[in-house]
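Down below is the structure, laid out as structure tokens.
The values are calculated or read from the model by the stated rules, or taken from the named source; none is laboratory data. Remember, it's a predicted structure, so these values are computed and weren't measured experimentally. Here the Cβ positions follow ideal geometry from the backbone for every residue, glycine too, while neighbour counts run over all protein chains shown. Calculation scope for accessible area: heavy atoms of the full protein, side chains included, ligands and nucleic acids excluded. Shrake-Rupley method; radii C 1.70, N 1.55, O 1.52, S 1.80 Å.
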Amino acid sequence: MTKKRRSQHWYGKLDKDGFIHRSWMKNQGFPDHAFDGRAVIGICNTWSELTPCNSGLRVLAEAVKRGVWEAGGFPVEFPVMSLGETQMKPTAMLFRNLLSMDVEESIRAYGIDGVVLLGGCDKTTPGQLMGAASVDLPTIVVSAGPMLNGKWRGKDIGSGTDVWKFAEAVRAGEMSLKDFMAAESNMSRSAGVCMTMGTASTMAALVEAMGMSLPTNATLPAVDARRTMLAHLTGRRIVEMVEEDLVMSKVLTKESLENAIIVNAAIGGSTNAVVHLLALAGRLEIPLSLDDFERGTEIPLLVNCMPSGQYLMEDFAYAGGIPAVLGELAGCLRSANSVMGKDIAHYAEGAEVFNRDVIYPFDAPLKPAAGLRVLRGNLAPNGAIIKPSAATDALLEHEGTAFVFENIEDLKANIDRPDLPVDAETILVLKGCGPKGYPGMPELGNMPIPRALVEKGVRDMVRISDARMSGTAFGTVVLHVSPEAESGGTLALVESGDRIRLSVQKGALELLVSDAELEQRRANWKPSKPPYARGYTKLYIDHVLGAEDGADLDFLVGKDTRLVTRESH
């Protein structure tokens, strides 16, 4: 070791402060030589029984520790807030920024030299990355991994995607409640995240595409022994990264984020990647905007996974995973560093595709030009997004009459009314579900089809909101409309009966109402009074940025890499 490690400001002093730091740690049985100047590696664990996706992280943490000890480091595991997407109310997204604060301040306050992030469920991965980016130590990720494929009545079923389909079938009278309940117990068969290409698996894939994990991290099933082995190897690698001073900002660059956008298009990844990458870029002080996501519009869809395709993450892993996709995209990717200390192209070396039904060749894709599209117009001056690969092609160019739900309570109270004045051409509009309005920007954008239409066989229609949608969801759904309704955006002024035009080809979203009429409506509009007057939720509402800025808190943008020097003793 040629340079005094960060941890030695805690454990290397031969005075009262050093005594206190070492002595209290020794009550766990650590010997003297654990404090001899070796790299102290923090293992940032989001394990929780309330976060089923992350329930396997205890096992992975122990494997990481083995690797750290083997490489001559000193592993110390610490907990942070865990965000259970399927369990938290009003939405896990409300707490992503709180998790990032927990991660950032834990890393900054403790005497560690590098950090391994253990996460999986949708918001844990971006929240951890955002927090770690703001401190900028050597950092590497081990993802929880996807569940095994769901199995029901002789076929594979996928978390989220099939849930939406089953629920609509029950509403249409095509599936019995008994069958619906039976499928419930057959879907989630092991620890791990959604086995569809939902947000959790999308973010794990983008972590790998950005070079922030070892190869194959994204797709190996949670219960596969190879994931435990990968965690062990990650423990070894983080010690080497500390020796190399390979901090996070040397790995994550503008080129890395552009690669993530490209890969997200190729895998049919979640729309939620947009807000997470924008927020991460803000922490890294990298200029990234919605316009950068247009880089993915010409990238073909290569991965045949739900909801954009047929298969599940377990199949994707066995077909070759992200290294195989990177190999197919070799001509599109930017040169970028990785936690391996090598260009991301290294991840594709020797990679093969073992099932062409799952991973299609670049020159014969599943769908051409299937990346996320950014929409702009008077209804979304600051932008909105849509996922064409999960939409109905015939609805991507559409003009229709709006039917408006003022908030989610309005929708729930009326969506099943038999006399709801809608038809298949109607455009459903939902307000009050943006970052401030809900609060937290929930996954409600893929609002249900009205019962009256479901019973007639309608399974998709254009839907517009300031909300997000689950990465496991599908449909012709316009999301992240900004400014949101709660901030007085044009969305707040839409009334039932207005005409709206959507053109994905032109990237346009227009409310066909005159400027004079909109000004009149704006003069009469009043924001709602948020029912939150204290605590984190009030802090969030007061400081959250718009969707186009990643919905981060304004005072968290950027980083502070200074060492804390004041002692508490």
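Take every DSSP beta bridge whose two residues both sit in the chain, then give the antiparallel share in percent to the nearest 5.
Taking every DSSP beta bridge within the chain, about 40 percent pair in antiparallel fashion.
Does the range 236-392 come out rounded, prolate or oblate, given a ≥ b ≥ c as the square roots of the eigenvalues of its C-alpha gyration tensor, rounded meaning a/c under 1.5 and, failing that, prolate meaning a/b above b/c?
It is oblate, given that a/c is not under 1.5 and a/b is not larger than b/c.
Can you give the accessible area per residue of the chain, in Å², using a 1.4 Å probe?
Accessible area per residue, the chain: 38 Å².
Would you be so kind as to identify which of 213, 187, 253 lies farthest towards the positive end of the dipole of the range 181-258, taking Lys and Arg as +1 and Asp and Glu as -1 on Cβ and the Cα centre as origin?
Among 213, 187, 253, the one farthest towards the positive end of the dipole of the range 181-258 is 187.
So for the range 106-251, taking the charge dipole from beta-carbon charges (+1 Lys/Arg, -1 Asp/Glu), which of 142, 235, 223 sits furthest toward the positive end?
223
Expressed as a whole percentage, what fraction of the accessible surface of the range 146-249 belongs to carbon and sulfur atoms when a 1.4 Å probe is rolled over the protein heavy atoms?
Roughly 58 percent, rounded to a whole number.
Using only C-alpha positions, report the orientation-averaged shadow area of the convex hull of the chain, nm², one decimal.
26.4
Ranked from the most accessible area to the least, with a 1.4 Å probe and all protein chains present, what is the order of 560, 113?
Putting 560, 113 in descending order of accessible area: 560, 113.
Considering all projection directions equally, how large on average is the shadow of the alpha-carbon convex hull of the range 1-76, in square nanometres?
Mean projected area of the Cα convex hull: 6.1 nm².
Straight-line reach from residue 3: which lysines have Cα under 21 Å away, leaving out those fewer than 8 places along the same chain?
Counting by Cα, and skipping residues close in sequence, residue 3 has these lysines nearby: 13, 250.
In whole percent, and with a 1.4 Å probe on the protein chains, what portion of the accessible area of the range 1-41 is carbon and sulfur?
Using a 1.4 Å probe with all protein chains present, the range 1-41 comes out at 55 percent carbon and sulfur.
Taking each pair of different alpha-carbon atoms in the range 1-140 once, compute 1/r for the pair, average those values, and report the inverse of that mean as the Kirkwood hydrodynamic radius in Å to one decimal.
15.8
When DSSP assigns beta bridges and you keep just the ones with both residues in the range 411-569, what percent turn out antiparallel, to the nearest 5?
The antiparallel proportion sits near 45 percent.
Of all trypsin sites (Lys or Arg not before Pro) in the range 1-47, which ones are in loop regions per DSSP and have a Cβ with at most 13 other Cβ atoms within 10 Å?
Qualifying residues, ordered by number: 3, 4.
Under unit Cβ charges (Lys, Arg +1; Asp, Glu -1), what dipole magnitude, rounded to 20 debye, does the chain have relative to its Cα centre?
Magnitude of the dipole: close to 1320 debye.
Ratio of the range 412-547's C-alpha Rg to 2.2 N^0.38 Å, to two decimals?
1.11
So, R0 is 56 Å and r is the distance between the beta-carbons of residue 555 and residue 153; what FRET efficiency does that work out to, to 0.05?
E between residue 555 and residue 153, to the nearest 0.05, is 0.60.
With n ≥ 4 as the cut-off for DSSP H runs, can you work out [θ] at 222 nm for the chain, using -39500 (n - 2.57) per run divided by the number of residues, rounded to the nearest 500?
The helix contribution divided over the chain gives -9500 deg cm²/dmol.
I'm checking a number: the convex hull volume of the Cα atoms of the range 493-554, normalised per residue, in Å³. What is it?
It is 141 Å³ per residue.
Less than 21 Å apart at the alpha-carbon level, and either on another chain or at least 8 residues along: which lysines does that give for residue 155?
Straight-line reach from residue 155, under 21 Å: 165, 178.
Please report, in debye to the nearest 20, how large the charge dipole of the range 306-455 is about its Cα centre when each Lys and Arg carries +1 at its beta carbon and each Asp and Glu carries -1 there.
540
What FRET efficiency do you get for residue 19 and residue 342 if R0 is 35 Å and r is their Cβ-Cβ distance, rounded to the nearest 0.05?
My answer for the efficiency is 0.25.
Given a 1.4 Å probe and heavy atoms of the protein chains only, how would you sort 100, 48, largest accessible area at the top?
48, 100
Any idea what the alpha-carbon Rg over 2.2 N^0.38 Å comes to for the range 116-226?
1.26
Once the dipole of the range 84-125 is set up with Lys and Arg at +1 and Asp and Glu at -1 on Cβ about the Cα centre, which of 103, 93, 118 lies farthest towards its positive end?
Checking the options against the dipole of the range 84-125, the answer is 93.
Nearest 5 percent is fine: what portion of the DSSP beta bridges confined to the range 61-176 is antiparallel?
Percent antiparallel among DSSP bridges in the range 61-176 is about 40.
Which FRET efficiency, nearest 0.05, do residue 59 and residue 425 yield, Cβ-Cβ r, R0 56 Å?
Rounded to the nearest 0.05, the efficiency is 0.60.
Test of understanding: what is the full-extension gain from residue 318 to residue 66, defined as 0.36 nm times their sequence separation minus their Cα-Cα distance?
Extending this stretch completely gives an extra 88.1 nm.
Percent of Cα-Cα pairs more than 18 Å apart in the range 207-293, please.
51
Could you work out, for the range 439-508, what percent of all Cα-Cα pairs fall into each 10 Å distance bin, beginning at 0 Å and stopping at the bin that holds the largest distance?
Once binned at 10 Å, the Cα pair distances of the range 439-508 give 17, 46, 33, 3.
Work out Dmax and Rg for the range 181-255 from the C-alpha atoms and quote the Rg first, both in angstrom.
15.5, 53
Just for the Cα atoms in the range 59-137, what are the lengths along the principal axes, largest first, rounded to whole Å?
44, 26, 14
Compute the distance from the alpha-carbon center of the range 343-401 to that of the range 203-217, in whole Å.
19
If you stretched the chain out fully between residue 568 and residue 495, how much longer would it get, using 0.36 nm times the residue separation minus the C-alpha to C-alpha distance?
Gain on stretching residue 568 to residue 495: 20.5 nm.
Describe numerically, in nm with one decimal, the distance between label points set 7 Å from Cα along Cα→Cβ at residue 177 and at residue 505.
4.7
About its Cα centre, what dipole magnitude does the range 88-173 give when the only charges are +1 on Lys and Arg Cβ and -1 on Asp and Glu Cβ, stated in debye to the nearest 20?
For this selection, approximately 600 debye.
Quick one: accessible surface of residue 101, probe radius 1.4 Å, all protein chains present, in square angstrom to the nearest 10.
The accessible area comes out at roughly 50 Å².
Leaving ligands and nucleic acids out of the surface, order 254, 538 by accessible area at 1.4 Å, largest first.
Accessible-area ranking of 254, 538, largest first: 538, 254.
Roughly how many nanometres apart are two label points built 7 Å out from the Cα toward the Cβ at residue 245 and residue 186?
5.8
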